[in-house]
Amino acid sequence: MGRKHKETGMPRKVRLEYEGAVYHVMSRGNKRGSVFKSDDDRKVFLLTLGEACERSGAVVYSYVLMGNHYHLGETGKQEVSKQK
């Protein structure tokens, strides 16, 4: 079953995926701690992200790298599974 909502304890709805859709991807550090401590950390992240995109065929259209989190606007190229 999916992840549960903080306040209600109910599982969240299944996310629908569409071929060619742009998705907002966000990740935050544990306990809102730092993800990036320096510009070198950000450079390594972007190089690694670029390599992952080359391998998977994903395209990142936009990104924001903050100290304790990041946001990506991306389109995955992996085949989307059929939703029931």
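Taking Ser56 as the residue in question, decide whether it is free of Cβ contacts under 8 Å to residues at least 12 places away in the same chain and of a type in the set (Ser, Thr, Tyr). Spelling it out, it is not the case that Ser56 is free of Cβ contacts under 8 Å to residues at least 12 places away in the same chain and of a type in the set (Ser, Thr, Tyr).
Only residues that are in a strand (DSSP E or B) and among the small types (Gly, Ala, Ser) were counted in the stretch 11-55, giving 1.
For beta carbons closer than 6 Å, sequence separation of 6+ or different chains, a first residue in the stretch 70-83 that is over 17 Å from Gly50 (Cβ atoms) and a second that is surrounded by fewer than 18 Cβ atoms within 10 Å (Cβ to Cβ) and at pLDDT 65 or above, the qualifying pairs are Val80/Glu17; Val80/Glu19; Gln83/Leu16. Looking across the stretch 39-62, the residues that are under 19 Å from Gly20 (Cβ atoms) and surrounded by 15 or more Cβ atoms within 10 Å (Cβ to Cβ) come down to Cys53, Ala58, Val60. Inside the stretch 56-72, residues that are hydrophobic (A, V, I, L, M, F, W, C) and part of a loop (DSSP other than H, G, I, E, B) make up a count of 2. So, in the stretch 48-84, how many residues would count as being modelled with pLDDT of 90 or more, under 20 Å from Arg15 (Cβ atoms) and of a type in the set (Ser, Thr, Tyr)? Residues that pass the stated criteria total 3.
The values are calculated or read from the model by the stated rules, or taken from the named source; none is laboratory data. These numbers come from a predicted model, not from an experiment. Note that we place each Cβ from the backbone using ideal geometry, even for glycine, and neighbour counts take in every protein chain shown.
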